[in-house]
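Notes follow once the structure below has been shown.
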Amino acid sequence: MSAPPTGRCTPAGQLADHLAAAERLHELLPELNAVGDRLIDVYRTGGRLYTFGNGGSAADAQHLAGEFIGRYLRERRPLPAVSLVTDPSVTSCIGNDYSYDEVFARQVEALVTAGDMVVGFTTSGRSANVVRGLAEARKAGAVTVLFVGGEHDGMPAAQYADHTLTAPATATARIQEMHLTLLHLLSEQVDAWAADGHPVSEPAPDDVRQENAA
């Protein structure tokens, strides 16, 4: 396999790749809207959102949960969301006593019920603990969502996902950048529903809070 063109390794080349991938996110909007509708149904019927991933994807999982527990742009009620990556006592216990491959599946088995939604982030679609976590979520009857990159066909995680959001990129950094945009778009859809018509302030409430905190 030949090496990528040198220009793509420069900041300008990476920015060009980012913009090209971002433009193709339009193709994912129907599936993204479907995920948002399913999550709204989950919240409407008293369910919860659970998220997980590894490394940068763990940060995305925490970010998504934070948008719902806190707020995105509007004042609204908090929405129940739990990231399964944040408790080191739990994750290290499972990793030590069982294996790291079970670190999410074990938590899903303990916490998730039918009517919940479980979102797994993996840029490759092959992280064993994400695959097992989604498989356990499907067994529990939860709605399963996969954030992935590249070509998801044949990826182990995809077979356990009711909805798959495939970032149109192959480089890990670009995939994670697209995942961030997608989770913000998802947050906007659910945020607008949960706010029940409350308008977005100008500047946005989050911006005011951050400026005051500084």
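The values are calculated or read from the model by the stated rules, or taken from the named source; none is laboratory data. From a predicted model like this one, the values you see are computed outputs, not experimental measurements. In this analysis, Cβ positions are derived from the backbone assuming ideal geometry, glycine residues included, and neighbour counts consider all displayed protein chains. For the accessible areas, the whole protein counts, side chains as well, though only heavy atoms, and no ligand, DNA or RNA atoms are used. Shrake-Rupley method; radii C 1.70, N 1.55, O 1.52, S 1.80 Å.
A few comments on the model shown:
- Per residue, the average separation of C-alpha pairs within less than 8 Å and at least 6 apart gives the range 64-148 a relative contact order of 25 percent.
- Using R0 = 35 Å, the C-beta based FRET efficiency linking Ala173 and Asp196 works out to 0.40.
- Student exercise, the range 33-141 dipole from Lys, Arg, Asp, Glu Cβ charges, in Debye to nearest 20: 340
- Shape category assigned to the range 99-149 from the gyration tensor of Cα positions, a/c cut at 1.5: oblate
- Simple label model, 7 Å out from Cα along Cβ direction - Thr113 to Asp97, nm: 2.3
- Accessible surface calculations at 1.4 Å, restricted to protein heavy atoms, place the range 1-90 at 54 Å² per residue.
- Longest DSSP-loop-exposure-free segment, GluC sites (Glu not before Pro), the chain, at most 16 other Cβ within 10 Å: 76-150
- Proximal charge balance of Ala128 [Cβ under 11 Å; K/R count +1, D/E count -1]: 0
- With the alpha-carbon atoms of the chain aligned to their principal axes, the span from lowest to highest coordinate is 51, 49, 36 Å, starting with the largest.
- For the options His18, His26, His179, a Gaussian network treatment of the chain with springs between C-alpha atoms closer than 10 Å singles out His26 as fluctuating the most.
- For the pair Ala16 and Leu29 in one chain, pulling the backbone fully straight at 0.36 nm per residue adds 2.5 nm over the alpha carbon distance.
- Magnitude of the charge dipole for the range 12-59, about its Cα centre and with charges confined to Cβ atoms of Lys, Arg (+1) and Asp, Glu (-1), is about 280 debye.
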